[in-house]
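A short write-up of the structure that comes next.
The values are calculated or read from the model by the stated rules, or taken from the named source; none is laboratory data. If you're wondering where the values come from, they're calculated on a predicted model, not measured in any experiment. Positions of Cβ are generated from backbone atoms using ideal geometry, with glycine treated the same way; all protein chains shown enter the neighbour counts. Surface areas here come from the heavy atoms of the whole protein model, side chains and all, with no ligands, DNA or RNA. Shrake-Rupley method; radii C 1.70, N 1.55, O 1.52, S 1.80 Å.
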Amino acid sequence: MAAAKYYVVWVGHKPGIYRSWAECQAQTNGYPQARFKSYESEAEARQAFEKGWQKSLNFSGAGSSASKSGKPATPETAPEVDYDSLSVDVGCSGNPGIVEYKGVDTRTGEILFYQGPIAKGTNNLGEFLAIVHGLAYLQKLGSNKTIYTDSVTALSWIRKKEVSTNLVRDASTEEIWTLVDRALKWLRSHTYTNKIVKWDTKKWGEIKADFGRK
């Protein structure tokens with residue numbers, strides 16, 4: 001039986017100390033720049049809560065999106081997998097090359113949506129499209145499930161609501177650019193409460209939506 005954990009939420013819907021990951025998620029999902037971390041004992045959690053997140057979180061602290069210097073840090077992963085979620089990934093034959101992506105149920109691997117093949121694009125653009133497609137898909141269902149991605153670049157584009165790529169706009173890339181422009185328009189005109197989390201491949205293995213082409 002797994003040892004009990006205590007989850008400190010410094011910045012979230014309702015800051016406090018929680019006894020389960022589900023409760024922690026409820027307070028941090030969709031909350032901009034949420035700050036949270038798990039501890040093994042209640043005493044550690046209470047001490048950390050009183051100290052505040054600035055003193056308790058370091059560069060790699062779970063739930064933090066900023067380092068001690070206050071500069072943006074690498075996107076963090078959650079302390080454990082939320083299997084009641086959606087995972088997305090891309091398959092790219094060449095880069096640039098033919099692109100396809102899908103979203104799957106993280107628990108079962110069931111394919112929930114699939115797009116492709118797109119004639120010519122990049123891996124990063126495919127990852128970006130997969131996340132936005134996931135957000136739109138879940139919003140239609142009225143679901144605030146977490147979305148997992150293994151792309152740091154796509155996560156940064158989602159936050160900025162813009163993409164940064166060297167892929168030229170011409171007849172050969174018209175299809176993917178049409179999809180990207182549509183995705184950007186959706187991002188800029190919609191709000192969402194879903195949390196988008198970096199999948200920790202080293203800890204959890206390949207993301208469930210992986211195309212198996214590595």
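Taking the range 78-102 as the range and being at pLDDT 90 or above and closer than 19 Å to residue 170 by Cα as the test, the residues that pass are 96, 97, 98, 99.
The set of residues in the range 4-36 that are modelled with pLDDT under 80 and either open to solvent by less than 20 Å² (accessible area, probe 1.4 Å) or outside any loop (DSSP other than H, G, I, E, B) (or both) comprises 28, 34. Residue 180 fulfils the conditions (1) more than 15 Å from the chain's Cα centre (by Cα); (2) open to solvent by 30 Å² or more (accessible area, probe 1.4 Å) except for a single criterion, (2).
Of all residues in the range 50-77, exactly one satisfies the criterion of being open to solvent by 40 Å² or more (accessible area, probe 1.4 Å), at pLDDT 65 or above and in contact with a strand residue (DSSP E or B) (Cβ under 8 Å, 6 or more places away or on another chain), namely 53. Residue count for the range 103-161 satisfying the condition of being among the basic types (Lys, Arg) and under 22 Å from residue 173 (Cα atoms): 2. Applying the set (1) in a loop (DSSP other than H, G, I, E, B); (2) open to solvent by 60 Å² or more (accessible area, probe 1.4 Å) to residue 188 leaves exactly one unmet item: (1). Scanning the range 136-173 for residues that are open to solvent by less than 10 Å² (accessible area, probe 1.4 Å), part of a helix (DSSP H, G or I), in contact (Cβ under 8 Å) with a residue 60 or more places away in the chain and not polar (S, T, N, Q) yields a single hit, 155.
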